[in-house]
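Some notes on the structure that comes next.
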Amino acid sequence: SDRVAKMDGTYIPKDRRVAKRRKLEEAAAAGGVGGGDVATMGSVDALATNGAPVPPTTASVGDVGGAETNGINPPTMTSAPPSAIPSAAIKSEDNTSSSTPSNILFASDLPAECNDMMLAMLFQVYAGYKEVRLPRPGAAFIEFDDEHHATLALKGLSGFNLTTNDRLNLSYAKV
């Protein structure tokens, strides 16, 4: 069995979808599934459900990338982390060329409803995050362990849309 082969180290994952599709195509060619064929049903997946539509988000267990997952669905991300967003997609408004790098970032022109918890949620995903300080409305200081971590956060979140009209303007703080 597959369990014994996994323990032995001789397990080779099987693409079960290929075998299932082959069976369904053979059944469709013989006219065995509801009298329809692949052309009229739309796809082989439609044959598996006897013509009932299959929502695009529905996936069977172990059907991820054709590999066996032992009944565990891998985690899916609902949104990309800031570091995964291409830099071309972010219209950077930072002043990194005119200011010297620092471990503290300065956020300016913040909306009135922006608070320290909101900013902490944005920045805590970056390594080295220490704290957020709001000295006055519309401005904040975000502290990191070192310049490298602050630079990663600056590049990742500069230009982030806080609201539909307000963007996060980040720069290095003057120390």
| note | For the range 135-175, the Cα gyration tensor yields equivalent-ellipsoid semi-axes (√(5λ), largest first, whole Å) of 19, 14, 7
| remark: In this structure, the FRET efficiency calculated for Asn115 and Asp145 from their beta-carbon separation, with R0 = 22 Å, to the nearest 0.05, is 0.40
| remark: Candidate cut points under GluC sites (Glu not before Pro) in the range 105-175, DSSP loop plus at most 13 other Cβ atoms within 10 Å of their own Cβ, are Glu113
| request: Sequence neighbours fewer than 8 away in the same chain don't count; with that in mind, list the lysines whose C-alpha is under 19 Å from Lys14. | output: Lys6, Lys23
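Since every read-out is calculated from the coordinates, none of them should be taken as a lab result. On a predicted model such as this, the values are computed, not experimentally measured, just so you know. Positions of Cβ are generated from backbone atoms using ideal geometry, with glycine treated the same way; all protein chains shown enter the neighbour counts.
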